[in-house]
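Here is the structure we will look at, set down as structure tokens.
The values are calculated or read from the model by the stated rules, or taken from the named source; none is laboratory data. Note that the coordinates shown come from a computational prediction; the quantities given were computed from them, not determined experimentally. Reconstructed Cβ throughout: ideal geometry from the backbone, glycine too, with neighbour counts over all protein chains shown. When the accessible area is computed, the model is the full protein with side chains, heavy atoms only, and any ligands, DNA or RNA have been set aside. Shrake-Rupley method; radii C 1.70, N 1.55, O 1.52, S 1.80 Å.
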Amino acid sequence: MSAPNSDYDPVEVTPLHPDEVARVTREALEAVAAASTLADLKQARLDHAGDRSPLALANREIGALPPQARKEAGQRIGQARGEVNRAVAARTEELEAVESAAQLAAETVDVTLPVDREVVGARHPITTIQELVGDIFVAMGWEVAEGPEVEAEWLNFDAMNLGPDHPARTMQDTFWVAAEDDAPEGSGKVLRTHTSPVQARSMLTRTPPIYVVCPGRVYRTDEADATHMPVFHQVEGLAIDEGLSMAHLKGTLDHFAQAVYGDGMTTRFRPSYFPFTEPSAEVDLLCYVCHNDPAQVGSCRTCGGEGWIEWGGCGVVNPRVLVACGVDPERYSGFAFGMGLDRTVTSRYDIADLRDLWDGDVRFTEPFGVGL
Amino acid sequence: MRVPVEWLRTLVDLPAEVTTEQLADRLTMYDLKLEEIIGGGISGPLTVGRVLAISPEQQKNGKTINWCRVDVGAQNEASVPDAPGEDVPSRGIVCGAHNFAVGDLVVVSLPGTFLPELGFEIGSRKTYGHVSDGMICSTTELGLPDDETSAAGILVLEPGSAEPGDSATELLGLADQTLDLEVNPDRAYALSLRGVARDTALAFDLPFSDPADAVTLPVGEGGYPVRVEDPEGCPVFTTVVVTGIDPTRTAPDWMVRRITQAGMRSISLTVDISNYVMLELGQPNHCYDRAKVSGDIVVRRAAAGETVTTLDDVKRTLTPEDLVIVDDSGIIGLAGVMGGASTEIGPETTDVVVEAAFWDPVTIFRGERRHKLPSEAAKRYERGVDPALTLAGAARVAELLAELGGGTVEPGATHVGAVPASVPVSFAVDLPTRISGVDITPDFARDVFERNGCAVQVDGETFTVTPPTWRFDLNDPYDFVEEALRSAGYDTVPSVLPTPTGGRGLSRNQVLRRRVGHVLAGAGLTEVTTLPFVGPADLDRLGLPADDERRRQVLLANPLSAEEPGLTTTLLVGLLRAASLNVSRGHDVVEITEIGRVFLPSPDAAAAPIYGVDRRPTPEEIAALDAALPYQPQHVGAVLVGERERSGWDGPGRAVAWSDAVAIARRVAGTLHVEVQVRAAQVAPFHPGRCAELVLADGSVVGHAGELHPAVAAEHGLPGRVGVLEIDLDQLLAASPAIGPKPSFSAFPVAKEDLAFLVATEVEAEALRSTLAGASELIESVRLFDVYTGDQVPEGQRSLAFSLRLRAPDRTLTDADIKAARDAAVQAAATHHSATLR
Ligand SMILES: [Zn+2]
């Protein structure tokens, strides 16, 4: 800029001289840029943009100028002050970010420290597998039925076509409830040897069509060892409707197998004998590990090289059972099936000793969490 | 049932290319399930040897081994200079057993022999300072059935039964295979070669000729006089007499081998023949020494207290239910179960009365169990023996006694009684298809029935089928469905998913129980399942008083352990056992729970009635069944040991306290939307001053929670303070409202007031809290935030501080409102609990 125009009042005011304004502005910007902390910046702002700063002082001179000179001087000082204020704001933001980052960095923790102070719970796999089975059948439109564990002999045996002299009755090692006052005819009560009495109860209390599954505890007089327990769990199913056949039994078991073990699963029937079904079959499950694949089956430990795993017993409900339970065998037919759940759990999760399910060692249940 | 394959093949003309495995697979699909294939795995030079010399040598380990020279005929080495005795052609073998002598015939597995029982091939090996050229075998090593000799050591053959160098594999039938079949109770006929052969012929679609038909039946009267006084128990009784048997004769090798393979022992010619015929035809039979029988043979029921000494030399006392065979001397046999000792065949017996009878299966079944006398004969009789077979069975025994024993069959037979008529069964011709789901044509079904021995009539759409005498399992129409399906193949059943009309999902109780399970897991508890068998000692360990209801158990007639004679009445027994186990295995934190049944005898329980099965019981009858059963509610229990919150780098742990158990109990009730009040109680096994009972709105107590009595904890080896709870879950579920919470709240501002009271120590915090909560409608909630006893509080009192939240549903509270509510609270506390504001 050149010297003040001679048209204006020839009063020379040094602080308003463009060179001087440029100089103090430059000094201010340098000071702002040089500030490395918010405290430094605050000082720089006081020094260069505060009430006593050169630009503030220069601003006060403007009032003394002749009116025609005020505009230009005002613009010059205003621009300079604006420039300094923007620089301060920008630097404030920068320094705040830096200081915040430093603060956060100082708060760094070791995220690998243990965080397990709360005790974590878990549900027993026998509970969850019973729920799983229940859910599968409920999804098919069935219901889950329950009954007592100390059961009437008539419901456990007689109603199931296991009369007092039936040879098959001795195949099951039954816990008998002691007779009241040692009555010689016995108590008429047993610890149920299967969940079949729940089937009988379902037929006695419901009207066909009946589609129920009965998971639960059952009892046999086996001493506890790695592969036997006096108490174990079963699920049985019963369907009573018009026109049911072995084919519907097969369809139901195939569907059940697929729901538990995945697509492609299937079952096979082998002839067998149960007093409560006729025809009766044993049902094998395709090995869910090797799928009876010739390349794998030979070395499969799960099925022992058989390709199939024994799953349970089943058949068409014996009409004698229907009669005892008040279902008209001329109109209705039905099928029933049953399988052990404990072995399902032990074989699926490689548990060598059945007693592990019953000891209550928390290390057994904990890995299962709240679901299988 | 053990079925020697060689024997089976003589009865049915099975193609040679059918392997034993294929045979077994087919029979398995024919309801004769293979258990295992026995035998057949031995290969290599298994040879008969004669022991020429034995040199016992004491070893450093104290054991004496026998260094032997054995003659193995054609398998001999020219010279074995090292072996004892004269160096003739032989082999040198080291043997550890001692039950044989010079001159004995033994079985030698020469190098190269594979014995499946050992799982490896025998080699020539250096042992105890000699080169042993093979091994002298025991019964066990050969895979033969165990008998009294197998315990003694090696198998010594009958003198003269073979020559050194003979193949022992052939001699002992070790190449033969035997099927061990599981015969279901309904297929009694398959407990014989006759029955298995018939099914084999059916399964392979081969012709079958019944071996019973090959027996020449005696004609006319003869035999031994018989009188049957109980035709119901003994519908048919047959005798045939054989005289002049040479008692020195023994059964031929082929017979001994078949009997042995079938799992029985060779005893004497007569007994072996008797067993052979039972195995062959399925007709159990009995041979009496004719010289020892006096007068007529009579069949009758026993008188109470009569006794008989059976063949096993046990004197047995009889009941009027027992069916016995008597002669003039008294009882000579327990019908169908076991013969008597007085008429037993002996070493001098030359004349024999052969008995073959048909006994009532139920009578035999009960008798066998009453006398705990399971036998091969009873096993068959109780399931059902062909009643039409007695004559052929007795004649077959006689025929073999004549042929192999040199005897003479006396003409004729005594044949008393009549074969019960088979009952025809009628059913629709399409029943097999409808029930099996497999398309089974009437022609196919008819063919199957006929080939099984049935007589079939077709009348329009109805079959009338009369089963053969040997089938006890064809009584109902569905039985014939199974028979038809067995032939059509169980593997042909199609897979059709039924489509129920729609269920109602899980019951509300099922849903709620699952919810409780999740809440317990969420509270940090690990679920266990425990055995319900419990005894008085377990209840003692809980410190239950003598009159505690939980000491009344449901007792078992046949418990596994005398220490645990009954079922549990509390889940805490099992849970504390489990907690002890965990602690003993080194776990510091054990917080476990169980949902399970307890068994509480109903006070006036009677025996549960037994009804017939020809109709549905009436509702009253069903109610009587249920009334006889004990109350079996599901309970939820928990035991907490160790820290509730573990100590860590960020703070100290918090030990389990009584309050944790109460908190969990309340959480369980809360998740079911059941209002429970707690109040102090004194109940075993709880700490007398730290037990809360949980009370429903109707005043009934649903359970207890708090601290385990320290003595009980110590008794179970549990460290520190132990939290326990047990709740009757069934009762709690019953109290769960069908419609749960109804949220209702005000959007107006809250006012907060804190009040601290001085109150007598006996006043329960909950009582004071609920008084405050009910003091004014404006009091929204009251929460205790401090309990203090100490210097500033007089003796016998404590300070309880509560925070009150005040709010109105319809307006902002004024200072006057707040003061009024506060005053009401203070007033109520004073009135009901003599509490003073601090
Ligand atoms: Zn497999």
Legend entry - Accessible solvent surface per residue of chain B, calculated while the other protein chains remain in place, 1.4 angstrom probe, Å²: 43
Legend entry - Highest-fluctuation residue, A:Asp110, A:Asp254, A:Asp47 considered, GNM on chain A with Cα pairs under 10 Å: A:Asp47
Inset, instruction - Would you please put A:358-364, B:32-38, B:557-563 in order of how densely packed they are, using the mean number of other Cβ atoms within 10 angstrom per residue and starting with the highest? - result: A:358-364, B:32-38, B:557-563
Legend entry - Any cysteine of the protein assembly as shown lacking a neighbouring Cys Cβ under 4.7 Å - listed by number: A:Cys214, A:Cys314, A:Cys325, B:Cys68, B:Cys95, B:Cys137, B:Cys234, B:Cys287, B:Cys454, B:Cys691
Legend entry - Heavy-atom surface of the stretch A:269-372, accessible at 1.4 Å and reported per residue (Å²): 39
Legend entry - Contour minus Cα-Cα distance for B:Val362 and B:Val219 (0.36 nm per residue): 48.3 nm
Inset, instruction - Take every DSSP beta bridge with both residues inside chain B and express the antiparallel ones as a percent of the total, to the nearest 5. - result: 95
Inset, instruction - Give me the accessible area per residue for the stretch A:10-106, probe 1.4 Å, as a whole number in Å². - result: 61
Inset, instruction - Select from A:Val316, A:Val345, A:Val115 the residue whose mean-square fluctuation is largest in a Gaussian network model of chain A (Cα-Cα springs shorter than 10 Å). - result: A:Val115
Legend entry - Solvent-accessible area, 1.4 Å probe, carbon plus sulfur percent, for the protein assembly as shown: 51
Legend entry - Other protein chain Cβ atoms within 10 Å, averaged over every residue that makes up B:482-495: 5
Inset, instruction - From other protein chains only, count the Cβ atoms within 10 Å of every residue's Cβ in A:143-150, then give the mean. - result: 6
Inset, instruction - Specify which residue in the list B:Gly330, B:Val456, A:Cys300 is farthest towards the positive end of the charge dipole of the protein assembly as shown, using unit charges on the beta carbon of Lys, Arg (+1) and Asp, Glu (-1), about the Cα centre. - result: A:Cys300
Inset, instruction - Kindly express, to the nearest 10 degrees and within the range 0 to 90, the angle between helix A:38-49's C-alpha long axis and the longest C-alpha principal axis of chain A. - result: 30
Legend entry - Between 0 and 90°, nearest 10: helix A:246-261 axis offset from chain A longest Cα axis: 30
Inset, instruction - Taking 7 Å along the Cα-to-C-beta vector as the label spot, tell me the B:Val131-B:Asp810 distance in nanometres, rounded to one decimal. - result: 11.7
Legend entry - chain A: most fluctuating residue of A:Leu354, A:Leu55, A:Leu285 per GNM, C-alpha cutoff 10 Å: A:Leu55
Inset, instruction - Let me know the shape class of the stretch B:41-104, please: from the alpha-carbon gyration tensor, a ≥ b ≥ c as square roots of the eigenvalues, rounded when a/c is under 1.5, otherwise prolate if a/b is greater than b/c, or oblate. - result: oblate
Legend entry - Kyte-Doolittle at least -1.0, axis length at least 24 Å by Cα - qualifying DSSP helices, chain B: B:815-833
Legend entry - Rounded to 10°, Cα long-axis angle of helix A:67-106 versus longest principal axis of chain A: 30
Inset, instruction - Before anything else, pin down the relative contact order of the stretch A:10-106: Cα pairs under 8 Å, at least 6 apart, normalised by residue count, whole percent. - result: 34
Legend entry - Charge dipole (the protein assembly as shown, unit charges on Cβ, about Cα centre) - positive-most of B:Met264, A:Leu372, B:Val353: A:Leu372
Legend entry - Packing rank of A:320-332, A:70-82, where each peptide gets the mean count of other beta carbons within 10 Å, highest leading: A:320-332, A:70-82
Legend entry - Shape category assigned to the stretch A:125-368 from the gyration tensor of Cα positions, a/c cut at 1.5: oblate
Legend entry - Estimated dipole of chain B in Debye, rounded to 20 [Cβ of Lys and Arg +1, of Asp and Glu -1, Cα centre]: 3660
Legend entry - Value of [θ]222 nm, deg cm²/dmol, for chain B, DSSP H segments ≥ 4, -39500 (n - 2.57) each, nearest 500: -7500 deg cm²/dmol
Inset, instruction - Give the interface area between chains A and B as buried accessible surface, both sides summed, probe 1.4 Å, in Å² to the nearest 100. - result: 8600
Legend entry - Order by protection proxy (mean Cβ within 10 Å, highest first), peptides B:822-832, B:104-114: B:104-114, B:822-832
Inset, instruction - Please give the length that would be gained between B:Gln792 and B:Thr441 if that part of the chain were fully extended, namely 0.36 nm times their separation in residues minus their C-alpha to C-alpha distance (nm, one decimal). - result: 116.5 nm
Inset, instruction - Between B:Glu620 and A:Arg348, take the C-beta separation as r, use R0 = 51 Å, and let me know the FRET efficiency to the nearest 0.05. - result: 0.65
Legend entry - 14 Å beta-carbon shell around B:Ala78, net charge (K/R +1, D/E -1): -4
Inset, instruction - Count, for each residue of A:358-371, the Cβ atoms from other chains sitting within 10 Å of its Cβ, then give me the mean as a whole number. - result: 6
Inset, instruction - Assign one of three labels to the protein assembly as shown, namely rounded, prolate or oblate, based on the Cα gyration tensor with a ≥ b ≥ c the square roots of its eigenvalues; rounded applies when a/c is under 1.5, prolate when it is not and a/b is larger than b/c, and oblate otherwise. - result: prolate
